[in-house]
Number of protein chains: 2
Amino acid sequence: MESSFGIIAEPNRRAILSLLASSEQSVSDIEHRLRMSQPSVSKHLRVLRDAGFVEARIDAQRRVYRIRPEPLKELDAWLAPFRRYWSVHLDALERHLDRPEKAPPKRRKKR
Amino acid sequence: MESSFGIIAEPNRRAILSLLASSEQSVSDIEHRLRMSQPSVSKHLRVLRDAGFVEARIDAQRRVYRIRPEPLKELDAWLAPFRRYWSVHLDALERHLDRPEKAPPKRRKKR
DNA sequence: CAGGTATATGACCTACCAAGTATATACTTG
DNA sequence: CAAGTATATACTTGGTAGGTCATATACCTG
C-alpha cells in the first residue's frame, strides 16, 4: 500500500480518521464506537501509523491514538489543481486553461 | 469500487485526472503521454466515468475526456474536518476540540 | 506473581482488481 | 463498401488487501 491515497481508500480507515479528527481515542474506544473487531482495528491502526496518518501515546495498557496531519496535507495538496473547477471565479480562468495546448483551428489528419 | 476514494487509489487514474486537470484529452493522447496501453487507458476511463470523475465528448472517432468536479469536491469536503490540524490558528481551537468528550479527571476502572 | 485487561501479530481464506491479449464496435475517407 | 483509425470490452491470471480466529505480548492490580 504505497500511497496515502491507497490508505484512505479503505472505509474503516476513513472512519477511524474521522473519529480521531474530533479527539484522540484508545483502541477499544475505536473498537466499540465503530463496531469493529479488535484485530481489525489494530491492523488498520498499524497501516495508518506506518503511513504517518496517526501516532500513539501510551497510557498504561492502552494506546491512545491521534491524528498526524502530514499525509492528509498531501492529499489536500493533490486536490489543488482541481479546485479551479469549483471555485467561483472559474469562467475566464477555465476558458484560458481548458483547451488543447496549441489550439489547432481544425482537427486535421492524425496525431 | 464503491467510493470516490477507492477510485483515486489507483496511481494511473490519478495520473489521468492530473493530466485532464490542465486540459481535455483524447484516449490516444492519454495513452501516449502516460505511456499506458490503450485497453488500460480505456478501462480506467470507464471507471472514472462511471464514478463521475470525467465525461466524454465525441469528436469523430475520438472520445475527448474532461474533468467533472463533483466527486473531487466530495474528497475535498471529507478533508475539511482535518484542516484545523494544519491551519495557522490551531492552538486554541485544537486545545478545545482534541480531548476526551467528558474530560474525566482521572482514568478509573474501565469503559 | 497470578489473573485480568488491552493491544499486537501470525496464519489462513476469500474477494477483488489491474494488466495483458485478443477481439468487437464505431466512425471516416477514398 | 473496403480499409484504416480510434476506442471499448471479454476473458484470463497473478497479486494483494482485509476479515476472522488463535495466540503472543505488555501492563496493571490484588
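The values are calculated or read from the model by the stated rules, or taken from the named source; none is laboratory data. Here the structure is a predicted model, which means the values were calculated and not measured. Neighbour counts are summed over all protein chains in view; Cβ atoms, including those assigned to glycine, are modelled from backbone coordinates with ideal geometry.
Given (1) at the interface with chain B (Cβ under 8 Å from one of its Cβ atoms); (2) closer than 17 Å to B:P81 by Cβ, where does A:S4 come up short, assuming only one miss?
It fails just one condition, (1).
With the checklist (1) modelled with pLDDT of 95 or more; (2) more than 13 Å from DNA strand D (Cβ to nearest atom); (3) exposed (fewer than 12 other Cβ atoms within 10 Å of the Cβ) in hand, flag the one item B:I7 doesn't pass.
(3)
What pairs can you find where one residue is in region B:31-46 and closer than 15 Å to B:L19 by Cβ and in contact (Cβ under 8 Å) with a residue 24 or more places away in the chain, the other is of a type in the set (V, I, T) and within 7 Å of DNA strand D (Cβ to nearest atom), and their Cβ atoms are less than 7 Å apart, with a gap of 6+ or different chains?
These pairs meet every condition: B:V41/B:V27; B:L45/B:V27.
Condition first: away from DNA strand C (no atom under 11 Å from the Cβ), in a loop (DSSP other than H, G, I, E, B) and either within 14 Å of another protein chain (Cβ to nearest Cβ) or among the aliphatic types (A, V, I, L, M) (or both). Now tell me which residues in region A:25-71 satisfy that.
The initial filter retains those residues of region A:25-71 that are away from DNA strand C (no atom under 11 Å from the Cβ), namely A:33-36, A:51-53, A:66-71.
Those still in the list that are in a loop (DSSP other than H, G, I, E, B) too: A:35-36, A:51-53, A:68-69.
Selection gives A:M36, A:A51, A:G52, A:F53, A:R68, A:P69.
Take B:K102 and tell me if it is within 16 Å of DNA strand C (Cβ to nearest atom) and at pLDDT below 95. Full working, then the answer.
Working: within 16 Å of DNA strand C (Cβ to nearest atom): no; at pLDDT below 95: yes.
Judged against the criteria, B:K102 is not a match.
Do you know which residues across region B:13-22 are in contact (Cβ under 8 Å) with a residue 12 or more places away in the chain and within 12 Å of chain A (Cβ to nearest Cβ)?
Step one: of region B:13-22, the residues in contact (Cβ under 8 Å) with a residue 12 or more places away in the chain are B:13, B:15-17, B:19-21.
Once the filter is applied, which keeps residues that are in contact (Cβ under 8 Å) with a residue 12 or more places away in the chain and within 12 Å of chain A (Cβ to nearest Cβ), region B:13-22 yields B:R13, B:A15, B:L17, B:L19, B:L20, B:A21.
Kindly evaluate B:R63 against the criterion of being surrounded by 15 or more Cβ atoms within 10 Å (Cβ to Cβ) and in contact with a strand residue (DSSP E or B) (Cβ under 7 Å, 6 or more places away or on another chain). Write out each step before concluding.
Details: surrounded by 15 or more Cβ atoms within 10 Å (Cβ to Cβ): yes; in contact with a strand residue (DSSP E or B) (Cβ under 7 Å, 6 or more places away or on another chain): yes.
Against the criterion (surrounded by 15 or more Cβ atoms within 10 Å (Cβ to Cβ) and in contact with a strand residue (DSSP E or B) (Cβ under 7 Å, 6 or more places away or on another chain)), B:R63 qualifies.
For region B:14-24, which residues satisfy the criterion of being in a helix (DSSP H, G or I) and either buried (at least 21 other Cβ atoms within 10 Å of the Cβ) or within 12 Å of DNA strand D (Cβ to nearest atom) (or both)?
Of region B:14-24, the ones in a helix (DSSP H, G or I) are B:14-22.
Result: B:I16, B:L17, B:L20.
Do we find a residue being over 24 Å from A:P71 (Cβ atoms) and buried (at least 17 other Cβ atoms within 10 Å of the Cβ) anywhere in region B:68-89?
Yes: one or more hits.
Can you tell me which residues in region A:47-78 are within 12 Å of the chain's Cα centre (by Cα) and within 11 Å of DNA strand D (Cβ to nearest atom)?
A:L48, A:A51
Going through A:H32, A:H44 one at a time, which residue ends up being modelled with pLDDT of 95 or more and crowded, with 17+ Cβ neighbours inside 10 Å? Before the answer, list the steps.
Working: A:H32 fails: crowded, with 17+ Cβ neighbours inside 10 Å.
Criteria check complete, one pass: A:H44.
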